[in-house]
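Note sheet for the following structure.
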Amino acid sequence: MKSPLLTLPGAVPAEGVDEGVAAHYGDLFREQRALAEGDGFVDLSHRGVVTVSGEDRLGWLHLLLTQHVSDLPAGQATEALILSAHGHIEHALYLVDDGATTWAHVEPGTEEALIAYLESMKFFYRVEVADRTADIAVVHLPAGSITEVPEGAVVRETAYGRDLFLPRADLESFAAGAGPAAGLLAHEALRVEQHRPRLGFETDHRTIPHEVGWIGTAVHLQKGCYRGQETVARVQNLGKPPRRLVFLHLDGSDVHLPVHGTEIRLADEGPDGRKIGFVTTSARHHELGPVALALVKRNVPTDAHLMAGDTAAAQETVVEP
């Protein structure tokens, strides 16, 4: 779904899964600095929006999600995952309940599969699941923003800022008074700096929550059964995940950033060394320079110097080995 905000001055469309919104508006670092200072907004209207209503909604979602939501207070934001039977991550939901309806935004293009799964699990519960992507747009306001929230908008407030669920028809009028627009590249650079994983970027078909740091933030370890819980409990209590998320400082002399999937090797093994991981997201940060998140094998020494393709990289631990 193409955002009307792509008509704003300087807008350059994003590509791939983020197609439909702006990658930037002509000045990536200015846009990042504005967000870091609490100014402006980010158009996330390409993301899927799913709602669950009905008096059984929270108890029912509690049975399906990795997060404890049966007593979720109105207005309190949380994150949750849906896992496969083997504990692999299938969906990531960014949730808030308004007292009558639970709202979630999800990765672009995943809402159809998510809704199909939820519908298959309704049974006798009094719940209604709806795809609201066509009429509701997500907009992000950074932490510290003093932008006025339109009356009636559903707000999901976190330490990183506020996600607004706005009528899609109001998107242009909201943007006109919300300060400078920042593109998705600025938003992603700050996400990388904050070590926050993203479904489909920091995850693949075999990722479990422990590998990317979703334990605690999206997975509650003291709740009842849900699909995949056995794997979560076994790894938490008896073992270690096979991979771990790391933050990389990349050599700033390279013109090109390593793309998603770029192989990572130990620097002292040279270009023909064994593959020990891959880049998940790379970005140009307004203060840190070129940075990335990556998944590497758990036993990679935390002080090892790495190569991301042909780019030298120094690692910081995100998930402990």
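What to note about this one:
- Take the conditions (1) under 21 Å from the mean Cα position of the chain (by Cα); (2) outside any strand (DSSP E or B); (3) surrounded by fewer than 21 Cβ atoms within 10 Å (Cβ to Cβ); Gly59 misses just one of them, which is (1).
- Taking the criterion of being of a type outside the set (Phe, Trp, Tyr) and surrounded by 22 or more Cβ atoms within 10 Å (Cβ to Cβ), the residues of region 25-43 that qualify are Glu31, Gln32, Leu35, Gly40, Val42, Asp43.
- Pairs meeting the criteria (first residue in region 67-85 and open to solvent by 50 Å² or more (accessible area, probe 1.4 Å), second residue assigned to a strand (DSSP E or B), beta carbons under 6 Å, at least 6 apart or on different chains) are Ala74/Asp97.
- Search result, residues across region 1-16 that are among the polar types (S, T, N, Q) and touching a residue at least 12 places away in the same chain (Cβ under 8 Å): Ser3
- The residues on offer are Leu199, Leu266, and the sole one that is modelled with pLDDT of 95 or more, in contact with a Leu (Cβ under 8 Å, 6 or more places away or on another chain) and not β-branched (Val, Ile, Thr) is Leu266.
- Number of positions in region 157-183 that are within 19 Å of Tyr94 (Cβ to Cβ) and open to solvent by less than 10 Å² (accessible area, probe 1.4 Å): 6
- The single residue among Glu128, Glu111, Glu151 that is more than 25 Å from Gly16 (Cα to Cα) and either open to solvent by less than 40 Å² (accessible area, probe 1.4 Å) or touching a strand residue (DSSP E or B) at 6+ places or on another chain (Cβ under 9 Å) (or both) turns out to be Glu128.
- Annotation: Asp254 fulfils all but one of (1) surrounded by fewer than 17 Cβ atoms within 10 Å (Cβ to Cβ); (2) in a strand (DSSP E or B); the unmet one is (2).
- Cβ-Cβ distances below 7 Å connect the following pairs, each with a first residue in region 120-131 that is within 21 Å of Ala100 (Cβ to Cβ), a second residue that is open to solvent by less than 40 Å² (accessible area, probe 1.4 Å) and of a type in the set (Phe, Trp, Tyr), and a separation of six or more residues or different chains: Tyr125/Trp60; Val127/Trp60.
- Restricting region 257-270 to residues that are part of a strand (DSSP E or B) and open to solvent by less than 50 Å² (accessible area, probe 1.4 Å), the residue that is farthest from Ala304 (Cα to Cα): Ile264
The values are calculated or read from the model by the stated rules, or taken from the named source; none is laboratory data. The shown structure was predicted, so the numbers you read here are calculated from the model rather than taken from an experiment. Note that we place each Cβ from the backbone using ideal geometry, even for glycine, and neighbour counts take in every protein chain shown. In case anyone asks, the SASA skips ligands and DNA or RNA and just uses the protein heavy atoms, side chains included. Shrake-Rupley method; radii C 1.70, N 1.55, O 1.52, S 1.80 Å.
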